[in-house]
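J.: Submitted below is the structure of interest, expressed as structure tokens.
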Amino acid sequence: MTAQADVMHPLIPRDVKFLVFAASLRAESLNARLAALAAQVVSAHGGEVDFATMAEFDGPSFNADLEDGHEAPAGAQEMYRRLQDCDAFIIASPEYNASMPGMLKNAIDWVSRFRPQPFNELPGLLLSASPSMVGGNRGLWSLRVPFEHLGARIYPDMFSLAQAHHAFTAEGHLADAELQRRFIATIQSFMDLVEASKHYPCARTAWIEYLGERLDPALDRVE
Ligand SMILES: Cc1cc2nc3c(=O)[nH]c(=O)nc-3n(C[C@H](O)[C@H](O)[C@H](O)COP(=O)(O)O)c2cc1C
């Protein structure tokens, strides 16, 4: 099966919406290419995509003095609005000095000040692309920390594309057929989890039990 054919599965609508963006401002961003491929795979497998750019969410450095009596910067407001409007998010993030880009952490810090805090219980999938041999994977481990601190349900598997400057075809797919297959499988698995957590009462109940909260008889069964 070719890389192209892998993306073209039959469409089964799932009623799940994914905010997808790359945490890079660079015009030729490798992570933006990976995010675009992720968006294509989500759409091809029945998900709705809200594709964003980091430029829409970027803003001034966080300063608590700016909070007093002022509205949050436009980029933070936009990120908050888009997060509230989705069921899950997918970020393709560069690795800067073995960690996440400062502008992404800055955006997370601003958005964490909104109430309700929008990352709480929101499923997220982390991707990275880098010219290096480890594909920016260390940056994703650092990115898990603020997200999990904020209550986001970060998917255990992460996809890091090594030697990303050589990895894409002219059409934007992964040239290596096995990598393309793994990429699609990772996104499909994440989509299955998001769909289950949104739509199936048994999955929601399982989460409530795990948290030690009281059960709701109305949810404690599969219709
Ligand atoms: C300040 C800075 C630090 C970087 N640190 C790392 C690093 O620690 N690991 C790595 O794999 N690449 C590192 N890179 C290279 C980036 O992975 C590379 O520039 C990548 O293409 C950036 O992502 P983008 O193409 O989506 O903009 C760094 C680049 C910059 C500008």
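J.: When the accessible area of the chain is split by element with a 1.4 Å probe, what percent falls to carbon and sulfur?
T.: Here it works out to 53 percent.
J.: Using a Förster distance of 35 Å, how high is the FRET efficiency between VAL145 and LEU11, based on the Cβ-Cβ distance and rounded to 0.05?
T.: The formula returns an efficiency of 0.45 here.
J.: Here is a follow-up. Can you give the accessible area per residue of the chain, in Å², using a 1.4 Å probe?
T.: 51
J.: Would you tell me the accessible area of GLU148, worked out with a 1.4 angstrom probe on the heavy atoms of the protein chains, in Å² to the nearest 10?
T.: Accessible area of GLU148: about 90 Å².
J.: Quick one: net charge around ARG26, please, counting Lys, Arg +1 and Asp, Glu -1 for every other residue with C-beta under 13 Å from its C-beta.
T.: Local net charge: -1.
J.: Would you please report the Å³ per residue occupied by the convex hull of the alpha carbon atoms in the stretch 45-107?
T.: Per-residue hull volume (Cα only) is 105 Å³.
J.: I would also like to ask the following. Place +1 on the Cβ of every Lys and Arg and -1 on the Cβ of every Asp and Glu in the stretch 95-181, take the dipole about the Cα centre, and give the residue among LEU174, ALA98, LEU127 whose Cα lies farthest towards its positive end.
T.: Checked the options; the winner is ALA98.
J.: How many percent of all Cα-Cα pairs in the stretch 67-139 sit more than 19 Å apart?
T.: 42
J.: What net charge is computed for the residues neighbouring PHE168, neighbours being all others with C-beta under 11 Å from the C-beta of PHE168, Lys and Arg scored +1, Asp and Glu -1?
T.: That sum, taken over residues with Cβ under 11 Å, equals -1.
J.: So if each residue of separation counts as 0.36 nm, and I subtract the Cα-Cα distance between MET133 and GLU56, what length gain in nm does that give?
T.: Answer, rounded to one decimal: 24.7 nm.
J.: Could you put ARG153, ARG33, ARG26 in order of accessible surface area, largest first, with the 1.4 Å probe and the full protein assembly present?
T.: Largest to smallest exposure gives the sequence ARG26, ARG33, ARG153.
J.: Given R₀ = 22 Å, FRET efficiency for GLU178-SER43 by Cβ-Cβ distance, to 0.05?
T.: 0.45
J.: Just to compare against my own numbers: the Cα pair-distance distribution for the chain, 10 Å bins, whole % per bin, please.
T.: Here the calculated profile for the chain is 8, 32, 35, 19, 6, 0.
J.: Scattering from the C-alpha atoms of the stretch 1-119 alone, worked out with Debye: what is log10 I(q)/I(0) at q = 0.15, 0.16, 0.20 1/Å?
T.: Computed log10 I(q)/I(0) values: -0.73, -0.80, -1.11.
J.: What net charge do the residues around PHE57 carry, taking every other residue with its C-beta under 11 Å from that of PHE57, with Lys and Arg at +1 and Asp and Glu at -1?
T.: Result for the local shell: -1.
The values are calculated or read from the model by the stated rules, or taken from the named source; none is laboratory data. The structure displayed is predicted, hence computed values, not measured ones. Here the Cβ is made from the backbone with ideal geometry for all residues, glycine too, and neighbour counts use every protein chain on show. Side chains are part of the model used for accessible areas, which takes the heavy atoms of the whole protein and leaves out ligands, DNA and RNA. Shrake-Rupley method; radii C 1.70, N 1.55, O 1.52, S 1.80 Å.
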